[in-house]
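Structure incoming, see below.
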Amino acid sequence: MPFRVHIEEGAKLLLRKRLADFDAPRPVVWIERVGAVGELHRDPEGKAVWSIHHPHPWNVTICGVQEDIPESEFLHIDGFRIVVALVPWPGEAGVRVSVRDGTLQVDPL
């Protein structure tokens, strides 16, 4: 089963606005998985202390892509050119893009 991207109506409106405001050639909707973020610092005795932050597991943004990437490399959904920058995990059906508190949000289907 192919990886699916569902874009809710509110997200479509916000994405269209952001794409219109984006000043770069070939803008795309870029969806990616976000891993854990680690930060290392030293305590007063010099021992390594890690702080690990687990942000929301998905991110969506607008970016420009190179001209030499063929159109066949993009998903075309609801009039949007989309890059899904991840390798789907087994059993992962896709993602839903929505708006929560005025911010684009990506969640698993």
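The values are calculated or read from the model by the stated rules, or taken from the named source; none is laboratory data. Just so we're clear, the structure is a prediction, and the values are computed from it rather than from any experiment. Backbone-built Cβ (ideal geometry, glycine too); neighbour counts: all protein chains shown.
Restricting to the range 1-52, and then to whatever is exposed (fewer than 15 other Cβ atoms within 10 Å of the Cβ), aliphatic (A, V, I, L, M) and not in a strand (DSSP E or B), can you tell me which residue is farthest from the chain's Cα centre (by Cα)?
Once the filter is applied, the top-ranked residue is M1.
Return the pair list, or none, for Cβ contacts closer than 6 Å from residues in the range 47-67 that are over 19 Å from D21 (Cα atoms) and in contact (Cβ under 8 Å) with a residue 12 or more places away in the chain to residues that are loosely packed, with under 10 Cβ neighbours inside 10 Å and of a type outside the set (G, A, S), at least 6 apart or on different chains.
W50/L40; S51/E39
Only one of these is of a type in the set (K, R), in contact (Cβ under 8 Å) with a residue 24 or more places away in the chain and in contact with an Asp or Glu (Cβ under 9 Å, 6 or more places away or on another chain): R4, R33, R18, R26. Name it.
Numbers: R4 fails: in contact with an Asp or Glu (Cβ under 9 Å, 6 or more places away or on another chain); R33 fails: in contact with an Asp or Glu (Cβ under 9 Å, 6 or more places away or on another chain); R18 fails: in contact with an Asp or Glu (Cβ under 9 Å, 6 or more places away or on another chain).
Of the residues listed, the single one that is of a type in the set (K, R), in contact (Cβ under 8 Å) with a residue 24 or more places away in the chain and in contact with an Asp or Glu (Cβ under 9 Å, 6 or more places away or on another chain) is R26.
Next question, about the same structure. Kindly provide the set of residues from the range 62-109 that are of a type in the set (S, T, N, Q) and more than 13 Å from K12 (Cα to Cα), ordered by number. Quick ask: steps written out before the conclusion?
Restricting attention to the range 62-109, the residues satisfying the condition of being of a type in the set (S, T, N, Q) are 66, 72, 98, 103, 105.
Passing the criteria: Q66, S72.
Same structure, new question: Counting only residues that are assigned to a loop (DSSP other than H, G, I, E, B) and either at positive phi or not hydrophobic (A, V, I, L, M, F, W, C) (or both), how many does the range 53-66 have?
Narrowing the range 53-66 to residues assigned to a loop (DSSP other than H, G, I, E, B): 54-57, 65-66.
Filter again for either at positive phi or not hydrophobic (A, V, I, L, M, F, W, C) (or both), leaving 54-57, 66.
Adding up the residues that qualify gives 5.
Can you name the condition, by its number, that G91 falls short on among (1) loosely packed, with under 15 Cβ neighbours inside 10 Å; (2) assigned to a strand (DSSP E or B)?
Condition not satisfied by G91: (2).
Considering every residue within the range 57-67, establish whether at least one is at pLDDT 95 or above and over 17 Å from the mean Cα position of the chain (by Cα).
no
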